[in-house]
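Since the structure comes first, as structure tokens, the remarks are kept for the end.
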Amino acid sequence: MNCIIVDDETAARTIVSHLCSQVDELNVIDEFPNAMQAIKFLNKNEIDLIFLDIHMPDFTGFDFIDSLKNPPKIVLTTSDRDFAIEAFEYDCIVDYLVKPITLPRFLKAMQKVENFKSPVTQKAALPQEAKQEEASEKEMYVNIDRRLIKIEFDKIFLVEAKGDYVLIKTEGKNYTVHSTLKKIEEKLPDSLFLKIHRSYIINIKKIVDIEDNSVLIARDVIPISRSNRPELMKRLNLL
């Protein structure tokens, strides 16, 4: 398994490299002191695993992950325990190692890496089954003030993008989540939800009325973009 190490501290890279040498399956291809150098490398090379520090100058570990179109498996290596819940938001993150990293804990993380299958791989291999499994899920978890809050899909009316946050409106209450519309969309089953505007995802089962270029969801009038209207009509069997 080819891997790289991204950490601004030389000593930290040396320690992780030494730990990697204790695992026969791991092959450290290169090490980088910052995210920008790692990005340049990944633009020309494919690897299986990244050991990634969170706190780096100019470009954090999370910024780095957000910049990757198809991130490989990632194990975070950090001295900060406070970002474990935020890490939970990323499907590519396999484990969260807090420095100083011991060999037993490192080996446990490698077992998780070995057993980990990314959602992208699963969908590519069995697209129909993956969609069915996705549709069978009944809820998702979101990170709000360092707490994981469960939200049931069938209770959601709509999701609205608001800058660096999204507003999730449900039957019971509204939730403001520090996330992107894209990340929330990836968690929602296609059987219930559709993005009808660059700023809105709606639960198609909650549509009260459709008029011209808007839909009524509860008391909210939501615009339908011209490009998304045909898909909405198709989903509602109105074509």
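The values are calculated or read from the model by the stated rules, or taken from the named source; none is laboratory data. Just so we're clear, the structure is a prediction, and the values are computed from it rather than from any experiment. All Cβ positions, glycine included, derive from the backbone under ideal geometry; neighbour counts span all protein chains shown. All accessible areas refer to the heavy atoms of the entire protein, side chains included, with ligands and DNA or RNA removed. Shrake-Rupley method; radii C 1.70, N 1.55, O 1.52, S 1.80 Å.
Summary table below
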{"read-out": "Residue that is of a type in the set (Gly, Ala, Ser), under 21 Å from Glu89 (Cα atoms) and in a loop (DSSP other than H, G, I, E, B), where the choices are Ser225, Ser179", "value": "Ser179"}
{"read-out": "Residue list for the range 186-209, filter: in contact (Cβ under 8 Å) with a residue 24 or more places away in the chain, outside any loop (DSSP other than H, G, I, E, B) and among the aliphatic types (A, V, I, L, M)", "value": "Leu194, Ile196, Ile201, Ile202, Ile204, Ile207"}
{"read-out": "Among (1) among the hydroxyl-bearing types (Ser, Thr, Tyr); (2) open to solvent by 30 Å² or more (accessible area, probe 1.4 Å); (3) more than 29 Å from Phe62 (Cα to Cα), the one test that Tyr175 misses", "value": "(3)"}
{"read-out": "Within the range 5-36, considering residues that are acidic (Asp, Glu) and either touching a strand residue (DSSP E or B) at 6+ places or on another chain (Cβ under 6 Å) or open to solvent by 80 Å² or more (accessible area, probe 1.4 Å) (or both), the one nearest to Glu114 (Cα to Cα)", "value": "Glu25"}
{"read-out": "Residue in the range 56-78 that is surrounded by the most Cβ atoms within 10 Å (Cβ to Cβ), counting only those that are aromatic (Phe, Trp, Tyr) and either at pLDDT 85 or above or within 12 Å of the chain's Cα centre (by Cα) (or both)", "value": "Phe64"}
{"read-out": "The range 186-201, residues that are at pLDDT below 90 and open to solvent by 60 Å² or more (accessible area, probe 1.4 Å)", "value": "Glu186, Asp190, Ser191"}
{"read-out": "Of residues in the range 79-113 being β-branched (Val, Ile, Thr) and assigned to a loop (DSSP other than H, G, I, E, B), the one least open to solvent (accessible area, probe 1.4 Å)", "value": "Ile101"}
